[in-house]
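J.: Can you read through this structure? Questions will come right after.
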Amino acid sequence: VNESYNRIEEVDDQVKAFLTLNKEAALKQAAELDETRGDDAAKLFGLPIGVKDNIVTKGLRTTAASQFLDNFEDPLYNATVVNKLNEAKSVTIGKLNMDEFAMGSSNENSSYYTTRNPWNTDYVPGGSSGGSAASVAAGEVPFSLGSDTGGSIRQPAAFCGVVGLKPTYGRVSRFGLIAFASSLDQIGPITRSVEDNAYLLETIAGYDNMDSTSANVEVPSYTDALTGDVKGLKIAVPKEYLGEGVAPEVKEAVQAALKKYEELGATWDEVSLPHSKYAVATYYLISSSEASANLARFDGVRYGQRTENAETMLDMFKRSRSEGFGDEVKRRIMLGTFALSSGYYDAYYKKAQQVRTLIKNDFEKVLEDYDVIVGPTTPTPAFKVGEIIDDPLTMYANDILTIPVNLAGVPGISVPCGFSSDGLPIGLQIIGRHFDESSVYRAAHAYE
Ligand code: GLN
C-alpha cells in the first residue's frame with residue numbers, strides 16, 4: 001500500500017489516473033491488516049486496488065467524472081463488487097478517472113482532466129476506463145476495476161498494454177455501478193497478467209440478489225483454466241475483424257499471434273459475423289436510449305448538482321442539468337430521448353433491438369463450432385490527445401470491434417500482442433461463449 005502511494009506521488013502528476021485518493025483510511029487499514037499478516041488466507045490480503053469512479057464506495061467521493069456529482073463526497077453504501085473486495089481484504093487506494101458517466105473512448109470527456117497514456121503522455125489512454133488502465137500500466141496499482149458498456153475495459157487495456165476483461169453480461173453484479181446502459185454495462189478486472197485477472201474475477205463474480213440481472217450460475221475457479229495448454233483449441237477469426245479500417249501493423253500483430261497459436265497446437269479458420277457492420281449504429285441507439293432514462297435521476301433534487309439560480313421547479317431541473325452535464329452526456333441524452341419518442345420508437349429503438357438479436361445470433365452460431373473468437377481489440381493503437389475529440393463519429397468508430405461483444409452479452413478480453421512502430425501497445429481480443437470465461441482465460445494465458 002505504501003509502494004502504491006509512493007508510485008502515485010512519483011508519476012500521477014503526469015499520468016493523472018486518480019481523481020480521489022483514499023490515503024488516510026487505506027494506510028490505517030493496511031496497518032491493521034499487518035497485525036494478522038501471514039495468518040490470514042483472504043484472497044486479496046493487503047493488495048492495493050484502484051476503483052473506477054462510477055463504482056460507488058461508501059464514504060469515499062464518487063463522481064463518475066461529472067461536475068454533476070462533484071460534491072457526492074459521502075455515498076451511503078458500497079457497490080457489491082467493493083464489498084467483495086473488502087471481504088477479500090484488498091485495500092482501496094483511490095478512485096480512477098474516466099470519461100464522464102463512461103461516455104467516451106479517450107478520457108477526454110472527463111470533466112476534470114484527461115488521463116495520459118503512460119507509454120507516451122502525448123497519447124490518450126483510451127476510455128472510458130482510462131484511469132483504470134493507465135494506473136495499472138504505470139505501476140501505481142497492480143489491480144483495478146473498470147466498467148465496459150461498448151469497450152471501455154478492453155479498449156483502454158489495449159491502448160495501455162495491460163489485460164482487461166469484460167465478463168459475460170450477468171456474471172458480475174452491477175449493484176452500485178452508476179448506470180449508463182443497463183443492458184450492456186459490466187464491471188470487470190484490469191491487471192498486468194492474465195493470472196491476476198482470473199484471480200480478481202473469481203473474487204468479484206457471482207449472483208447478487210441486489211441485481212436482478214446478475215446470473216445464478218456457479219463461479220468456477222478461473223485460475224484452474226490456466227493450464228498453458230491450447231492443443232486442439234478451435235479459434236474463429238472473423239473476416240470483418242481484419243478488414244478495411246484496421247491498421248496494417250495491427251493486422252500484422254494479430255497474424256503473428258495466430259501463428260503462435262498454431263505453434264501451440266491450436267487451429268484457426270476464417271469465419272464471418274455478417275451483422276457486425278451494423279453494431280456501432282445499433283449500439284448508439286440502444287445505449288443512448290438507456291442512458292436517457294438512467295440519467296433522468298440526476299434532477300437536482302436527489303444527488304449532486306443543484307443550480308443556485310432557479311425561478312421555478314422546472315427551471316431548477318433544467319438549469320441543474322444544463323450546468324451539471326458535459327457536452328457528450330447531453331448529446332447522448334438528446335439522441336436517446338429522440339430514439340424513444342413516439343413516432344420514432346419503431347423506426348429507431350425497436351429496429352435497433354431487432355438488429356441486436358441478429359448480432360447476438362451471429363456470435364452464437366460461430367461459437368457453436370469454435371471455442372473462442374480472436375481478432376484485434378481496436379482498429380488502431382492509441383491516438384493523440386486532441387486528435388479526434390471534435391469528431392464524434394470517428395471517435396465512435398474506434399469501438400467497432402468491441403461493441404458487438406457487449407450487444408451479444410458474451411465475454412471478451414484484451415491482452416497485449418506487440419507494439420506499433422511508434423512504440424504504442426497493440427491489443428489482441430479473445431471472445432468466448434456466454435459464461436465461458438475459462439476458455440477465454442485459457443487462450444489468453446497460453447498466448448501471454
Ligand atoms: N466508447 C463507448 C461509448 O462512448 C463505450 C463506452 C463504454 O464502454 N462505457 O459509449
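J.: Consider only pairs whose beta carbons are under 8 Å apart and that are at least six residues apart or on different chains; among these, list those whose first residue lies in the stretch 182-195 and is farther than 12 Å from residue 405 by Cα and whose second residue is among the small types (Gly, Ala, Ser) and part of a loop (DSSP other than H, G, I, E, B).
T.: Close Cβ pairs (under 8 Å, with a partner that is among the small types (Gly, Ala, Ser) and part of a loop (DSSP other than H, G, I, E, B)) amount to 187/79; 187/173; 190/129.
J.: Filter the stretch 257-272 for residues that are in a helix (DSSP H, G or I) and under 8 Å from residue 233 (Cβ atoms) and give the result.
T.: Going through the stretch 257-272, the residues in a helix (DSSP H, G or I) turn out to be 257-263.
Scanning the stretch 257-272 gives a single hit, 261.
J.: Further question: Report, by residue number, each residue of the stretch 298-317 that is surrounded by fewer than 15 Cβ atoms within 10 Å (Cβ to Cβ) and either of a type outside the set (Lys, Arg) or assigned to a helix (DSSP H, G or I) (or both).
T.: 301, 308, 309, 311, 312, 313, 314, 315
J.: Do we have any residue at all in the stretch 288-297 that's crowded, with 17+ Cβ neighbours inside 10 Å, at pLDDT 95 or above and away from the ligand (no atom under 16 Å from the Cβ)?
T.: Narrowing the stretch 288-297 to residues crowded, with 17+ Cβ neighbours inside 10 Å: 288-292, 294-295.
Keeping just the survivors that are at pLDDT 95 or above gives 288-292, 294-295.
Narrowing further to those that are away from the ligand (no atom under 16 Å from the Cβ): none.
The answer is no; no qualifying residue exists.
J.: Report whether or not residue 153 is within 13 Å of the ligand (Cβ to nearest atom) and under 27 Å from residue 74 (Cβ atoms).
T.: no
J.: Checking the conditions here, which among 70, 40 is closer than 20 Å to residue 129 by Cα, in contact (Cβ under 8 Å) with a residue 24 or more places away in the chain and among the acidic types (Asp, Glu)?
T.: Going through 70, 40 in turn, the sole match is 70.
J.: What single numbered condition from (1) surrounded by fewer than 24 Cβ atoms within 10 Å (Cβ to Cβ); (2) away from the ligand (no atom under 15 Å from the Cβ) fails to hold for residue 108?
T.: Of (1) surrounded by fewer than 24 Cβ atoms within 10 Å (Cβ to Cβ); (2) away from the ligand (no atom under 15 Å from the Cβ), only one is false for residue 108: (2).
J.: Pairs please, first residue from the stretch 144-165 and within 15 Å of residue 403 (Cα to Cα) and free of Cβ contacts under 8 Å to residues at least 24 places away in the same chain, second anywhere and among the small types (Gly, Ala, Ser) and not in a helix (DSSP H, G or I), Cβ atoms under 9 Å, 6+ apart in sequence or on different chains.
T.: From residues that are within 15 Å of residue 403 (Cα to Cα) and free of Cβ contacts under 8 Å to residues at least 24 places away in the same chain, there are no pairs.
J.: Which residues, taken from the stretch 274-287, are closer than 14 Å to residue 405 by Cβ and away from the ligand (no atom under 13 Å from the Cβ)?
T.: 275, 276
J.: If you don't mind, there's one more thing I want to ask. Quick check on my filter: what residues within the stretch 197-210 are farther than 17 Å from residue 434 by Cβ and either among the charged types (D, E, K, R) or outside any helix (DSSP H, G or I) (or both)?
T.: Here is the first cut: in the stretch 197-210, the residues farther than 17 Å from residue 434 by Cβ are 197-200, 202-204, 208-210.
The answer is 202, 208, 209, 210.
J.: Yes or no: residue 152 among the small types (Gly, Ala, Ser) and touching a Gly at 6+ places or on another chain (Cβ under 9 Å)?
T.: Working: among the small types (Gly, Ala, Ser): yes; touching a Gly at 6+ places or on another chain (Cβ under 9 Å): yes.
Taking the combined requirement at face value, the residue satisfies it.
J.: Among (1) under 16 Å from the mean Cα position of the chain (by Cα); (2) of a type in the set (A, V, I, L, M, F, W, C); (3) crowded, with 24+ Cβ neighbours inside 10 Å, where does residue 250 come up short?
T.: So residue 250 meets the others, but not (1).
J.: Can you find even one residue in the stretch 216-224 that is assigned to a loop (DSSP other than H, G, I, E, B), among the hydroxyl-bearing types (Ser, Thr, Tyr), under 23 Å from the mean Cα position of the chain (by Cα) and loosely packed, with under 15 Cβ neighbours inside 10 Å? Please lay out each step first, then the result.
T.: As a first pass, look at the stretch 216-224 and keep what is assigned to a loop (DSSP other than H, G, I, E, B): 216-221.
Next cut, among the hydroxyl-bearing types (Ser, Thr, Tyr) only: 221.
After this cut, where a residue has to be under 23 Å from the mean Cα position of the chain (by Cα) as well, the list is 221.
Cutting the leftovers down to loosely packed, with under 15 Cβ neighbours inside 10 Å gives us 221.
Checked against the condition, which is being assigned to a loop (DSSP other than H, G, I, E, B), among the hydroxyl-bearing types (Ser, Thr, Tyr), under 23 Å from the mean Cα position of the chain (by Cα) and loosely packed, with under 15 Cβ neighbours inside 10 Å, the stretch 216-224 yields at least one hit.
J.: Now for a different question. Looking only at the stretch 139-159, which residues are buried (at least 24 other Cβ atoms within 10 Å of the Cβ), of a type outside the set (Phe, Trp, Tyr) and more than 29 Å from residue 290 (Cα to Cα)?
T.: Selection gives 140, 141.
J.: Would you mention how many residues in the stretch 426-446 are touching a helix residue (DSSP H, G or I) at 6+ places or on another chain (Cβ under 7 Å) and either part of a loop (DSSP other than H, G, I, E, B) or within 23 Å of residue 280 (Cβ to Cβ) (or both)?
T.: 8
J.: Does any residue of the stretch 206-215 turn out to be of a type outside the set (Asp, Glu), touching a strand residue (DSSP E or B) at 6+ places or on another chain (Cβ under 7 Å) and either within 16 Å of the ligand (Cβ to nearest atom) or at positive phi (or both)?
T.: no
J.: Quick one: which of 349, 344, 441 is among the hydroxyl-bearing types (Ser, Thr, Tyr) and surrounded by fewer than 18 Cβ atoms within 10 Å (Cβ to Cβ)?
T.: 344
J.: Does the stretch 379-402 contain any residue that is on the phi > 0 side of the Ramachandran plot and surrounded by fewer than 19 Cβ atoms within 10 Å (Cβ to Cβ)?
T.: yes
J.: Within 30 Å of residue 229 (Cβ to Cβ) and surrounded by fewer than 19 Cβ atoms within 10 Å (Cβ to Cβ), is that true of residue 323? It would help to see each step written out before you state the result.
T.: Numbers: within 30 Å of residue 229 (Cβ to Cβ): no; surrounded by fewer than 19 Cβ atoms within 10 Å (Cβ to Cβ): yes.
The answer is no for residue 323.
The values are calculated or read from the model by the stated rules, or taken from the named source; none is laboratory data. Since this is a predicted model, take the numbers as computed values, not measurements. Cβ sites come from the backbone with ideal geometry, for glycine too, and all protein chains shown count toward neighbours.
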